[in-house]
Amino acid sequence: MPQLVEISQILSGKYVGEEVTVRGWLHNRRSSGGIHFLMVRDGTGVIQCTMKKDRVSAETFEVAKKITMESTIELTGVVREDNRAPGGYEIQTSDLRVIYRAEEGFPIAKKYHGPDFLLDNRHLWIRSQKMQRILRIRARFLKAAREWLDQNGFTEFHAPTLITAACEGGATLFSVKYFDREAYLTQSWQLYAEAAIASLGKIYTIAPSFRAEKSRTRRHLTEFWHLEVEVPWCDLEGIMRIEEEMLTYILHRLVEDPIAARDLGALGRPPKDLLRIEPPFPRITYDEVVKILNDDGIRFEWGNDLGWVEEKHLTLKFDKPFFVTHYPRSAKAFYHKPDPKRPEVTLSADLLAPEGYGEITGGGQRIEDLNELLERIKENNLNPEDYKWYIDLRRYGTVPHSGFGLGVERTIAWICKLSHIRDAIAFPRLINRVYP
Ligand code: 4AD
Ligand code: MG
């Protein structure tokens, strides 16, 4: 058998004139006259394989005629450059072996399917070119994030998923029966991260978080991947710098990668949009946002958290990510440090993606003082008993510190210009969907 190669290697221009074998799934097919066009997909790419009647045995030509979509095959032929072929290269088939013939009637047909149908058939839909592209970008996004964090002295740290006290408020906690008591699925690693900085210094994690979000929106999942960072000896400005440096590095890495750049373009995101993003990102205060909204005729009361409508309006004014800082203490979780100069607001910052997308990170400076923390716990009607170990951290070597959490799917949705967050993850979990 001629050498087995990956399709991406062929598409990168190697192997022209050579005989190769590829192995994969029959992604698509059509025939015209004495020629079959077989699109073969192997996980690294899709390549057109032409089969001419006079170049193969009558038997092989017949096999190709009857082969069903998504059958697994092994195909041999010579690579040719051809600008009529999608991707610029094709294989002139000399031999074809069917490994497993797929049943007739692959549910994903070449026609319009509604979103519910595609979600019900997600296990098959993830084979689509669109999902392949998004999932590849997602993987490269996380790889680049790890690169930046590792190069900048952060240590990866893992916090538990089963927890006993809310980080982001009780309303979105999923409860789990934990033997004869109740536990919850984590909303954020944060409280544990604040413990771990005294062990490891600057840390990060990339892990699932869970929110029992009762609303149906284009930007809420009930299970999402959370890239979180926690840093001792760091203030609000310090954590914003880390966020903008890290995100810029990731975006530029994506664009430098020819495969990711091609995928972005195909999804409708011109890579140059991402290349011109550079630190420092604009910073506006919550107070300024309230003024902008009200000036534009969107009634919004000081003290509330920004919702979808407000963020959408605001972010349409920007073509780069920007920070909104100093949210009121009434709009933020108990651990946010009140601004000593103006205690009705917190030293907090959300990073908002432009073009109508909205919040992609939440974070800021944490309370390091024991009494201030106890006061905020009381103010939020939380039970100090539930936070006993967390409060301990302020007793034994407390330190000014800050952190943030980035929603991976929210960020991917913006980067890839998706209209719904569900396509930023292979198997989305939504209020009405935990299958497949
Ligand atoms: O703003 P959030 O709630 O902040 C925290 O959880 C902090 N404890 C993080 C930290 O400081 N370590 O969530 C952070 C980010 C949001 O900005 C958003 O991008 C994402 O997590 N997120 C969601 N993504 C998808 N679906 C949901 N239901 C999400 N909830 C939050
Ligand atoms: Mg938030």
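The three principal axes of the C-alpha atoms in the chain carry coordinate ranges of 85, 52, 43 Å, sorted with the longest axis first. A simple rule links phi to the HN-Hα coupling: the Karplus curve 6.51 cos²θ - 1.76 cosθ + 1.60 with θ = phi - 60°, which for the range 324-340 gives 10, 10, 6, 6, x, 5, 5, 9, 10, 4, 4, 7, 5, 7, x, 5, x Hz, with x for Gly and Pro. Partners of residue 417 within straight-line reach, counting lysines whose Cα lies under 16 Å from its Cα and excluding those fewer than 8 residues away in the same chain: 130, 272, 312, 320.
Using the Cβ of residue 98 as centre and a radius below 10 Å, the other residues enclosed give a net charge of +2, where K and R count +1 and D and E count -1. Grab the other residues whose beta carbon is less than 15 angstrom from that of residue 376, score K and R as +1, D and E as -1, and report the net. Around residue 376, the surrounding residues sum to -4. Distance from the C-alpha centroid of the range 80-131 to that of the range 1-65: 13 Å, rounded to the whole angstrom. Using a Gaussian network for the chain with springs between C-alpha atoms less than 10 Å apart, which of these wobbles most: 31, 330, 402? Maximum among the listed residues: 31.
Against the compact-protein benchmark of 2.2 N^0.38 Å, the Cα-based radius of gyration of the range 46-198 scales to 1.68.
Would you please name the chymotrypsin sites (Phe, Trp or Tyr not before Pro) within the range 17-86 that are DSSP coil residues with at most 15 other C-beta atoms within 10 Å of their C-beta?
Of the chymotrypsin sites (Phe, Trp or Tyr not before Pro), not one in the loops of the range 17-86 has a Cβ with at most 15 other Cβ atoms within 10 Å.
When peptides 159-166, 365-372 are sorted by average Cβ neighbour count within 10 Å, with the highest value leading, the order is 365-372, 159-166. Of the chymotrypsin sites (Phe, Trp or Tyr not before Pro) found in the range 369-406, those in coil by DSSP whose Cβ has at most 14 other Cβ atoms within 10 Å are 396.
Remark: the range 340-416 projects, on average over all directions, an area of 6.9 nm² (convex hull of Cα atoms). Compactness of the range 192-264 is given as radius of gyration and Dmax, 16.0, 43 Å, from Cα positions.
A simple rule links phi to the HN-Hα coupling: the Karplus curve 6.51 cos²θ - 1.76 cosθ + 1.60 with θ = phi - 60°, which for the range 187-196 gives 9, 5, 7, 3, 4, 6, 5, 5, 6, 6 Hz, with x for Gly and Pro.
So if R0 is 45 Å, what FRET efficiency would residue 31 and residue 419 give, r being the distance between their Cβ atoms, rounded to the nearest 0.05? My answer for the efficiency is 0.80.
Rounded to the nearest 0.05, what FRET efficiency do residue 58 and residue 272 have when you use their Cβ-Cβ distance and R0 = 45 Å?
Working from the Cβ atoms, E equals 0.30.
Across every pair of non-identical alpha carbons in the range 60-99, the mean reciprocal distance, once inverted, gives a Kirkwood radius of 11.2 Å.
Shape summary: the range 258-341 maps onto an equivalent ellipsoid whose semi-axes, from the alpha-carbon gyration tensor, are 31, 16, 12 Å in decreasing order. For the range 1-134, the normalised intensity computed at q = 0.11 Å⁻¹ comes to -0.39 (log10 of I(q)/I(0), Debye sum over alpha carbons, equal scatterers, no solvent). For the pairs 143/214; 111/143; 291/388; 14/66; 65/110, flag any whose C-alpha to C-alpha distance is greater than 28 Å. Too far apart for the 28 Å limit: 143/214; 111/143; 291/388; 14/66. The GluC sites (Glu not before Pro) of the range 267-320 meeting both criteria, a DSSP state outside H, G, I, E and B (loop) and at most 11 other C-beta atoms within 10 angstrom of the site's C-beta, are 301.
What number in nm² do you get for the range 217-300 if you take the convex hull of its Cα atoms and divide its surface by four? With the hull built on Cα positions only, its mean projection is 8.7 nm².
Just so you know, all these numbers are worked out from the coordinates, no wet-lab data involved. No experiment lies behind these values; they were computed from the predicted model shown. Neighbour counts are summed over all protein chains in view; Cβ atoms, including those assigned to glycine, are modelled from backbone coordinates with ideal geometry.
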